[in-house]
Amino acid sequence: MTLYTIVVAQKAKKQIECLPVHLKYRISVILEEVLAADPFVGKSLKGTLKGLYSYRIGDYRIIYDVIKDRLLISVVKVMHRREVYRKP
């Protein structure tokens with residue numbers, strides 16, 4: 001089993017810092033155990049976010065990109081579902 005390396009963008013780090021402690025913990029577990037093992041468990045996105053994936057944690061979403069040839073997951077956003085799909 002191949003594990004992917006996870007890189008969290010600075011913007012996503014700031015978004016995670018603003019979340020409650022229990023969500024921070026759940027997000028870290030999901031990133032390290034679930035997505036690192038199989039990044040394709042998330043939902044493939046369409047439209048302006050085509051090429052990215054979304055993983056659901058309650059009302060929050062992790063938006064990330066998978067770079068297969070480098071075995072890398074780049075976390076782009078971590079936000080509430082009502083805001084995460086809007087343009088910046």
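Would you please name the residue that is surrounded by the fewest Cβ atoms within 10 Å (Cβ to Cβ), looking only at residues in segment 1-37 that are within 11 Å of residue 60 (Cβ to Cβ) and in contact with a Lys or Arg (Cβ under 8 Å, 6 or more places away or on another chain)? Residue satisfying both the conditions and the ranking: 16. Restricting attention to segment 38-85, which residues are within 13 Å of residue 4 (Cα to Cα), part of a strand (DSSP E or B) and in contact (Cβ under 8 Å) with a residue 60 or more places away in the chain? Matches in segment 38-85: 66, 72, 73, 74, 75. Against the criterion of being at pLDDT 95 or above, touching an Asp or Glu at 6+ places or on another chain (Cβ under 8 Å) and of a type in the set (S, T, N, Q), residue 74 qualifies.
The values are calculated or read from the model by the stated rules, or taken from the named source; none is laboratory data. Since the model is a prediction, treat every value here as computed from it, not as a measurement. Because the Cβ atoms are built from the backbone with ideal geometry, glycine has one as well, and the counts that use them run over all protein chains shown.
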